[in-house]
Structure formats: C-alpha cells, structure tokens
Amino acid sequence: MKFRGIYLAVICCFMLAACGNKAQTASGNQVHKPSLDVKWKVEGTTFAIDVETDMHISPEHYGQGRKTGEGHIHMYLDDNDKIGVTESHYEFPNVPSGDHILKVSLHNNDHTPYDVTKTIKFKIP
C-alpha cells in the first residue's frame, strides 16, 4: 500500500508539471495558450503597438475555422468597438489628448478567445 501512495504521488507530480501553458476545453482536451507581450510608444498623437506572441498571426484564415496555434488580435481602445488586427504592428493615429486604456487580446481564427489579454494605460500629451 505504501508504494501505491508513492506511485500515485509521483504520477500526480508529472501530470501537474505537464500542464504548463495549457488549458482544458469542456471536453477535457488540452489547448495551448499562446504567449503575449506588448511593446508600445507614443509619438505625438500616434499610439504605436508591437505585439509579440508565439501564436501564428494568420490574416489568410481570419474569420475561418480554428487551427491550433493560429489566429489574430483584437484591440479595444477606451472601450470602443473591437478592431481585428492581423499584423504584429498596429498604429492608432490622431489619438485625442488625455488618459487612455487599450485592451489587447488573442483570438482563434473564428474569433473565439484564447483568454490571453494585456491592458495598457497610456497618456497622450
């Protein structure tokens, strides 16, 4: 019995270590959650963003069926309408003076979220 407990503990440790950057779907399948980092700068009234991710940004499959590790970016500036972005660099020209919030999120080709987001607060002088 003692060995059975040790065996189960070792198996549980391996299972937890394997989880890494994965999420489970309702069916129990594991799905890769892509990484997301956002670099940004303000130049006058232009707000420029560079998105770094291990997800393949796929303009050719935008709005189509899911494909593992592939998709596009949604951006919301100050809770305005969604902007679908299919490149890693994007610029918002003529942003009004003041404080602003940008939400960046990664999505599958079919627009379902990967549940990976970043929120950036910035100011235009």
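Descriptive notes on the structure:
- Scanning the range 76-104 for residues that are touching a residue at least 40 places away in the same chain (Cβ under 8 Å) and buried (at least 16 other Cβ atoms within 10 Å of the Cβ), we see that the one that is nearest to the chain's Cα centre (by Cα) is 104.
- Enumerated strands (runs of 3 or more DSSP E) restricted to the range 65-108, each holding at least 1 residues that are touching a Phe, Trp or Tyr at 6+ places or on another chain (Cβ under 8 Å), modelled with pLDDT of 95 or more and under 20 Å from residue 125 (Cα atoms): 70-77, 89-92, 98-107
The values are calculated or read from the model by the stated rules, or taken from the named source; none is laboratory data. Just so it is clear, the model here is predicted, and its values are computed rather than measured. Note that each Cβ is placed from the backbone with ideal geometry, even for glycine, and that neighbours are counted across all protein chains shown.
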